[in-house]
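Structure first, then comments.
The values are calculated or read from the model by the stated rules, or taken from the named source; none is laboratory data. Because the structure is predicted, anything quoted here is derived from the model rather than measured. Ideal geometry is used to build each Cβ from the backbone, glycine not excepted, and the neighbour counts take in all protein chains shown. For accessibility, only protein heavy atoms count, side chains too; no ligands or nucleic acids. Shrake-Rupley method; radii C 1.70, N 1.55, O 1.52, S 1.80 Å.
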Amino acid sequence: GQGQQQLSLEVGETVHIQEECEGMRVVILAEMPLVKEVTTTLREWGSIWKQLYVSNKEVRVKQVQRLMWELMEWRSQLLSGTLPTDEYKELKQKITSKIDYGNKILELDLVVRDENDNILDPEKASVISLFRAHQDATATINERIKEEQSNVQTEHCGISARIQSSPTHSLYVFVRNFVCRIGEDSELFMSLYDPVKQTIISENYLVRWGSGGFPKEIEMLNNLKVVFTDLGNKDLSREKIYLICQIVRVGRMDLKESYSKKFTHGLRRPFGVAVMDISDIIKGKIECDEEKQFFIPFSPYVLCLWVTMKALVGDIVQIRKEYPHLVDRSTVVARKLGFPEIIMPGDVRNDIYLTLQGGDFDKYNKTTQKNVEVIMWVCDEEGKVIQNSICLGAGDKPVSEYRSVIYYQMKQPRWMETFKVAVPLEEMHRIHLRFMFRHRSSQESKDKSEKNFAMAFVRLMKEDGTVLQDGLHDLIVFKGDSKRMEDVSSYLSLPSTRHHHGDLHKGTALSRSSSSLSGGAGGLSLSSRDSFTISTLVCSTKLTQNGMICFFLSVGLVNMYGVCTHSVTLNLVVRCMQFLQDTLDALFTIMMEHSQTDDYDILVFDALIHIIGLIADRKFQHFNTVLEAYIKQHFSATLAYKKLMSVLKRYLDVSSRGEQCEPILRTLKALEYIFKFIVRSRMLYSQLYEGKEQAEFEDSLKRLFESINNLMKTDYTTTLLNRVNAYTLLYNWICISISFYPMIVRGQVQILHWKICTRISLYTDTVGKTFQHVQDIVVSLLCIINRTVITMGREHKLIVSLQFSLQSFELLCCSFIFLSISSDFLMESFLLFKELIRKHVYPSDWMAMIMVQNRVFLRAINIYADTMNQKFLNDNSFEVQLWNNYFHLAVAFITQESLQLQHFSPTKRNKILVKYGDMRQLIGFAIRDMWYKLGIHKICFIPDMVGPILEMTLIPEEDLRKATIPIFFDMITCEHEHCGNFCKVCFLFNAFIPIFLCNEIIQKLDHEVEGGGGDERYMQLLESILLDCVAEKPTLRPQVQHFVALVKGLLIRLLDYRTVMSDDSRNNRMSCTVNLLNFYKDINREGMYIRYLYKLRDLHLEGENYTEAAYTLQLHTRLLKWSDEMCNPQFEVHGSQTQRQLKEMLFDTIIDYFDKGKMWEEAITLCKELAEQYENEIFDYELLSKRLEKQAKFYENIMKILRPKPDYFAVGFYGQGYPPFLRNKVFIHRGKEYERREDFQNHLMSQFPSSVRLNTTTMPGDDIQDSPLQYIQCFTVQPVLEIPPRLKNKPVPDQIINFYKSNYVQRFHYSRPVRKGPVDPNNEFASMWIERTTFTTVYKLPGILRWFETTLSPLENAIETMESTNEKILTMINQYQADWSLPINPLSMLLNGIVDPAVMGGFAKYEKAFFTDEYALEHPEDRDKLMRLKDLIAWQIPLLGGGISLHGKRVTDDLRPFHERMEECFKQLKKKVEKEYGVRELPDMDDRKSTRPRSMLRSYRQSIISISSLQGSECSTPTKLHPDRYRLFCRVSGRREKPKVFN
């Protein structure tokens, strides 16, 4: 539907009836945008898939087919409307990922999307964000393709790509069922493990299981869910990741013991373990849904576990939002043992993970090894236990005491149990961990009597404020009285660790050999035979293990710059990033504490830009979001903007003076965030003090902009790179400043949208001041930018950034009124635009970015055009070069590849038209209007603009062509008025045409059509429009008509040539090439003529047609003279040469070709011509001797080497399915050596696989010639020997005469036997007639082609038609005389169709066409043919008379009136013909029913002779094709030949 109240729909689209009222329905499209995108994509891929199938690209066909099946399945899921929100989002991501991947491999346009995977609307995005979206999309797709190439499972490349693109990941695990048949309580621990590095990755997830087979907390049944979160890309890059499941039994020491009170209960004993490789699941290579369960078998096998797993993208906040049905508030969160890759501000964490590694305990006085249990408390300095500070695993309640697993009678137990210690930050410096070691007995009575036999401890913080170092700690084991070991004063002053890996604890660590404590207190002694090892991992955003950072954060001195510089270790930089919020707070605190002085401003500024530079590094790029969040939510330094602007201005001023400024590059790279800090600080200050110091801020900002201007204007070479960087980065922070600045200046001012690439929308009452600021900035920079980009190399790495920023500034300037703009600026802009259009900056698949760029250019060009009309159109201000640059820019814009909609798929074409319209029309109409506004200045652009205008009119857009083609007529008119009767003309087609049109049109048309421009519709429009235009000026009609004839004739040949260039048929390419070179020869365009000569030569060499290649090059030699004049440029083949040198070189090449083709007679002729030059012109006898030796060799070859005779074949191409240069034409082909007709025919059929072979040798009728199909007729013909005059009547050897039997031939015979009349059984020759057809070619063979056309001239066609008609009458008379039972109707129709006055126009047409004095004067060679035609017309009368007489005897009474009328018509016809052409008589038909009269036979004995004009030499290029074809029938008998004509 195209109406106002109509909706355009396609099959399969869904609509929603919104309301219905009085028979009228309000209908809207109900299809989701994603579904519509999938539908459109499937349609586009479907057409491409068919093309791939036809092209036999099996691999790609299968790949695209698989992608389409997946999209169709997912589309069905979308249409079902039953997906939860999180599943819909995930499916949407998979679909868009698959679409983007498929578009890439099919070389379709890149689709850019926003963070929600919706197609990004260029209207709602700035150019910078659009550009970055293209970059991100390209990077993502390239990564996905790498995955494909790396044999990653194709089915899940979209999921994996999405996981890799996110910095944070999670693993969702749901315990579906746990079978635990041990009869005691148990603990199920689950964690992630790296088997390569042998380290635990995550916290434990703990589920306490009861002895009855249910969770201890029964409400958790069917809700045992955990999310392992904080995983990063580095974790996903691990080679292997395992899910470890451990079972700890809580009960008796041994399960075999009976369950009674005499045995000890509540002991934690290891029971089972299970491992599952989840690498593919967590990396997204295996797609898992919430219903798919994984079975995890344990050892021993009495335990079974079933879980559901799913890889999720994002942190805990994000996944709770996206997967609410999976992750809710009751879902347990198990964090990573370590920091995530991004620590957001506000994410406060203060966890210390402790792992009991192992110990070595002596049995002392016991007979067996001890059953050691480790008990741990978190205590303060007074020995008080910190309650609920220990967490054994996620999902479990905090406890105050930790008891380890007990290994039965083991000297060196390895616990490897990890748990978390969480204490308040303010208590950390007072906290220590106390470990007690106790032997546990299986007998309850003995167990109660056991006491702690040793202890150990460790402090969590050192005296310098740093926390306990990560890693292993070999603790000192103390022995003593049980109660003394619990007394803090007895051990807290003692050292806690031994010497381990060179780590000394304040110099008080002890070695394992120590056995006593010097100065020890409390009666504790060191146990030299016992050892105990733990490991710790600190995950705290407030605690650090680095003294330098701690010193900086706590004290705040400015020597912290070393913390942020490249001289420190990478680990320290990582730590600095982890404490980014505290680091920045400390920096700005320093700045605020010294707000009255500038002593530390530069140091703080340098540290700040260095931190920003670190964040720009790829290793820390994820901290961008952290920095953004800090600025928006946590930054509070209200006076920072003054100091930041001051230091920034100082650096800019120093650099603009050409002085060395080492931090300037880092400063320019950090401009975006520096300016965000400035803006945020000023906003906070303004809010706090209600806009105070506004004027001072405006002055500071203005001075800062002036410093930037000075940097851009400087000519110092040392600052050129700074200028480039400053401009490249200028957009970001100017955009921010313009966005915030009105809110700073006027509180009510709002900027709703500011997009430099499209428009400025400033909605405010006080917009003038801000607008002026923007104008000042941009105008002052734009000229410098233009010059910089023009002079910058195209391969410069910054050219892309400059280009997309430049278009922003260009359009921004276009928003202003050009009151003082100069022509130099316009010309620079035109040159710049043209350069950027000509050499694409963006990849070809960035369609959205390219179209936005084109829209920007279009608006800028149109506004510049208005300026030119206003200021540079008067005689005084008119500049030819300026207007010339405009026209060439506009034509370059309209003809650029990205706007040629005809080359795009229907889907892409519709997208562009809907979104942007056809920009070609707009700029084309503008070019037309600008041309007509030139007035008297038009002559300045003729002929230079002929070629560009032609290029524009060739664009296949109807309205554009109709608007621009009249410019040609305007050019002809302008030239006529300026030069009178065409002072500069060329003689073409017997008419004078302006030479500028000849030269420019021919050269440009040849180039453009070969490149794909032009079509038949263009020919029609050109002819009709120009002839309509000339109707108002009849004096120009001849010139315009011949101009149209020139373009039309050339276009026909060029279109044929372009059509067959991609054809497999080399013969077709040769034919079209010959047609073109003939055309160029006729219009005397030698340069183009020679160009196509060599194209034809190359085609011959490809097919090893050396003879034809030689004849082709001979045409070039005929344009050269034996002189020392320099060649024209179009004649040069190998640099500058004289004509003699070039001709001699060509002769050598031609002779070699003739030698390879065994045409030694032709080679001898050329050798003689060369010998004449060597002997009588240049007197080079050495060359003469060599040439004569070669000539002698050729003579010898003629006599001694056998040359097989090639066969000749007549080939007819019938039907409308052939191109015009083949359609319904017959050619004589010269076969190759030993080539049989079957082989030739098969090769011919392979070139036209859809053609049908005709098995007859007669010319087919109109039904076949008018058929839309293709028919081929092929048969062998015999060449007619034409002995050269110099050989006639002389004894010539057979070797010489045999050559002429198959070479230098132009006439060819084809004979076949035909039976006529009664057959004599005793003598078959008495009734045998021979039908002989003679073909005459336009040129002798061989020639520049291996074939030449055979067609009849109009006069010959008339003769053949009359012969056919007379033969038909005679045949039918014989049939009716022999068989009186035949129906009379066919004879009635034949006779009436000839004698009826309604068809007597046939005679009249022949008389008007041929029997005139003008025709006789123009064609004196056709005198015999004219007599032949008159004789045939005269002979038709007696034949008609005999037929009518026979008809009168056979006609019935009801047809008698019809017969009488036919007799009356015949009398009138007979009277007229006998008067004009004489009387012919036949003997009585009754006497000779089947024998021809002698007088008639004598008439038919006349042969039809070919009168073809062979202008030039025997092998010159054909210009007009006038070969003859005739048939001669001979009856073979014992008496004599009786020629007879049959059809």
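FRET efficiency for residue 944 and residue 875, Cβ-Cβ distance as r, R0 = 22 Å, nearest 0.05? Efficiency computed from Cβ-Cβ geometry: 0.65.
Per-peptide packing, taken as the mean over residues of other Cβ atoms within 10 Å, places 925-934, 181-190 in the sequence 181-190, 925-934 from highest down.
Once neighbouring chains are kept in place and the probe is 1.4 Å, which whole percent of the accessible area of the stretch 1261-1322 is contributed by carbon and sulfur? Carbon with sulfur: 51 percent of the solvent-accessible area. Rolling a 1.4 angstrom probe over the stretch 326-407 with all protein chains present gives an accessible area of which 48% lies on carbon and sulfur atoms.
Proximity of backbone amide H atoms, modeled 1.01 Å from N, is registered between residue 846 and 110 at under 5 Å, excluding neighbours fewer than 5 places apart on the same chain. Heavy-atom accessible surface of the stretch 226-381, averaged per residue, reaches 41 Å², computed with a 1.4 Å probe. The accessible-area ordering, largest first, of the residues 1427, 1145 stands as 1427, 1145, per a 1.4 angstrom probe.
Extending 7 Å from Cα along the Cβ direction at residue 43 and again at residue 348 yields two label points whose distance is 5.8 nm. A 1.4 Å probe run over the stretch 810-932, with the rest of the protein chains in place, finds 40 Å² accessible per residue.
Rounded if a/c is under 1.5, else prolate if a/b is larger than b/c, else oblate: which is the stretch 298-418, with a ≥ b ≥ c the root eigenvalues of its Cα gyration tensor? Cα axes put the stretch 298-418 in the oblate bin.
Each of residue 1460 and residue 1409 was given a label point 7 Å from its Cα along the Cα-to-Cβ line. The distance between the two points is 3.8 nm. Excluding same-chain neighbours fewer than eight residues apart, the lysines reachable from residue 933 by a Cα-Cα span under 17 Å are 871. Put the Cα centre of the stretch 1023-1057 next to the Cα centre of the stretch 1359-1398 and the gap is 47 Å. Couplings 3J(HN,Hα) for the stretch 1332-1345, derived from phi with the Karplus relation 6.51 cos²θ - 1.76 cosθ + 1.60 (θ = phi - 60°), are 10, 10, 10, 10, 10, 8, 5, 9, 6, 10, x, x, 6, 10 Hz, where x marks Gly and Pro. Counted residue by residue at 0.36 nm each, then reduced by the alpha carbon distance between them, the extension gain from residue 823 to residue 687 reaches 44.2 nm. Counting 0.36 nm for each residue step from residue 1417 to residue 197 and taking away their Cα separation leaves a gain of 428.6 nm. In terms of the ratio Rg/(2.2 N^0.38 Å) built on C-alpha atoms, what value belongs to the stretch 1276-1389? Ratio of Cα Rg to 2.2 N^0.38 Å: 1.58. The apolar share of the surface of the stretch 1065-1106, taken as the fraction of accessible area on carbon and sulfur atoms (1.4 Å probe, ligands and nucleic acids excluded), comes to 36 percent. If a spin label sat at a point 7 angstrom from the Cα of residue 357 along the line to its beta carbon, the backbone N atoms of the stretch 380-409 nearer than 19 Å would be those of 404-405.
From most to least packed by mean Cβ count within 10 Å, the peptides 662-672, 92-102 give 92-102, 662-672.
Remark: for residue pairs 1048/1425; 1004/1143; 1033/1405; 197/321; 104/283; 62/146, the C-alpha separation exceeds 26 Å in 1048/1425; 1004/1143; 1033/1405; 197/321. Near the amide H of residue 407, within less than 5 Å, lie the amide hydrogens of 372, all on another chain or at least 5 residues away, with H placed in the peptide plane.
On the basis of the beta-carbon distance and an R0 of 51 Å, residue 1063 and residue 277 show a calculated FRET efficiency of 0.30. Once the C-beta distance of residue 429 and residue 625 is scaled by a Förster radius of 30 Å, the resulting FRET efficiency is 0.35 to the nearest 0.05. Here's the picture: a label point sits 7 Å out from the Cα of residue 1045 along the beta-carbon direction, and within the stretch 1000-1024 the residues with their amide nitrogen under 19 Å of it are 1001-1002, 1019-1024.
Averaged over residues, the count of other Cβ atoms within 10 Å places the peptides 224-231, 1001-1008, 883-890, 1189-1196 in the sequence 224-231, 883-890, 1001-1008, 1189-1196, highest first. Tell me which aspartates and glutamates have Cα within less than 20 Å of residue 1290's Cα, excluding those fewer than 8 residues away on the same chain? Partners within reach: 1161, 1282. Once the 1.4 Å probe is applied to the protein heavy atoms, the stretch 1158-1205 comes out at 60 Å² accessible per residue. Is the stretch 1038-1139 rounded, prolate or oblate when judged by the Cα gyration tensor, a ≥ b ≥ c being the square roots of its eigenvalues, rounded requiring a/c under 1.5 and prolate requiring a/b larger than b/c? Oblate, since a/c reaches 1.5 and b/c is not below a/b.
Here the spin labels are modelled as points 7 Å beyond Cα on the Cα-Cβ line, and at residue 290 and residue 910 they lie 3.7 nm apart. Within straight-line reach of residue 1471, meaning a Cα separation under 18 Å, sit the following lysines at least 8 residues removed in sequence or on another chain: 1430.
Here is the link list: 285/420; 363/483; 1225/1340; 1449/1475; 124/911; 1190/1340. Which ones come out longer than 24 Å on Cα distance? Flagged as over cut-off: 285/420; 1449/1475; 1190/1340. I'd like the distance separating the alpha-carbon centroids of the stretch 354-390 and the stretch 1146-1184, in whole Å. The stretch 354-390 and the stretch 1146-1184 have Cα centres spaced 111 Å from each other.
Counting only protein heavy atoms and using a 1.4 Å probe, the accessible area of residue 1016 comes to about 120 Å². Which shape class applies to the stretch 825-898: rounded if a/c is under 1.5, otherwise prolate when a/b exceeds b/c and oblate if not, where a ≥ b ≥ c are the square roots of the Cα gyration tensor eigenvalues? Since a/c reaches 1.5 and a/b is larger than b/c, the shape of the stretch 825-898 is classed as prolate.
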